[in-house]
Amino acid sequence: MEQEKNNKTEKKAADNEMWGILAYIFFAIPLIFANEKTSFIKYHTNQSFILLFSFVIGNILLNILRFDTTPIGLLFRIFGIAIFVVGIVNVSQNKMKPLPIIGEWGNFIK
C-alpha cells in the first residue's frame, strides 16, 4: 500500500517536471494537453508566458531602435537564454521560484 502511494507520488512529480519543461519550450502545450493542471504546472506556464512576452517585446524594441545586430542585441538574447535555462533548472529541482528580473511581472495563467 505504501509502495503504491510512493509510486503515484513519483509519477506525479515526473509528470509535473515534464509539463513544466514543455511549458518553457512552448507555453501552451501544458494548458492544452495536461490531464491534471497542478499549481506547479500553472506557475511555470505563467513564468514561460512572461518570458516569451518580454522576449518578443524586447526584440521588437531592438529592431525599432536598430540595436538588433549590435552587442546590446546579443546581450539581450544571451540574457533571454540564461533566464530560459534558469526556468528549466527550477522545474528540474521542483521549485516554484520566479525567474530573475521578469518573474514578478504578473500572474496571467489562473
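The values are calculated or read from the model by the stated rules, or taken from the named source; none is laboratory data. Note that the structure is a prediction, hence the values are computed from the model and not measured. Note that we place each Cβ from the backbone using ideal geometry, even for glycine, and neighbour counts take in every protein chain shown.
Being surrounded by 11 or more Cβ atoms within 10 Å (Cβ to Cβ) and not charged (D, E, K, R) is the requirement here; does Ala14 meet it? It is false that Ala14 is surrounded by 11 or more Cβ atoms within 10 Å (Cβ to Cβ) and not charged (D, E, K, R). Does Ile41 satisfy the condition of being exposed (fewer than 12 other Cβ atoms within 10 Å of the Cβ) and not aromatic (Phe, Trp, Tyr)? Criteria not met by Ile41.
Pick from segment 11-22 the residues that are among the aliphatic types (A, V, I, L, M) and touching a residue at least 40 places away in the same chain (Cβ under 8 Å): which of them is nearest to Val56 (Cα to Cα)?
Here the answer is Ile21.
Conditions tested, residue by residue: (1) modelled with pLDDT of 85 or more; (2) aliphatic (A, V, I, L, M); (3) within 21 Å of Trp105 (Cα to Cα).
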site: Lys5; (1), (2), (3): no, no, no
site: Asp15; (1), (2), (3): yes, no, no
site: Gly20; (1), (2), (3): yes, no, yes
site: Ala23; (1), (2), (3): yes, yes, yes
site: Phe26; (1), (2), (3): yes, no, yes
site: Leu31; (1), (2), (3): yes, yes, yes
site: Tyr43; (1), (2), (3): yes, no, yes
site: Ser48; (1), (2), (3): yes, no, yes
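With the structure loaded, tell me whether Asn35 is closer than 30 Å to Lys12 by Cα, of a type in the set (S, T, N, Q) and without any contact (Cβ under 8 Å) to a residue 24 or more places away in the chain or whether it fails that test. So Asn35 fits the description; yes. Within segment 78-106, which residues are surrounded by fewer than 12 Cβ atoms within 10 Å (Cβ to Cβ) and farther than 21 Å from Glu17 by Cβ? If the condition is that a residue be surrounded by fewer than 12 Cβ atoms within 10 Å (Cβ to Cβ) and farther than 21 Å from Glu17 by Cβ, then Ile78, Ile101, Glu104, Gly106 are the ones that fit.
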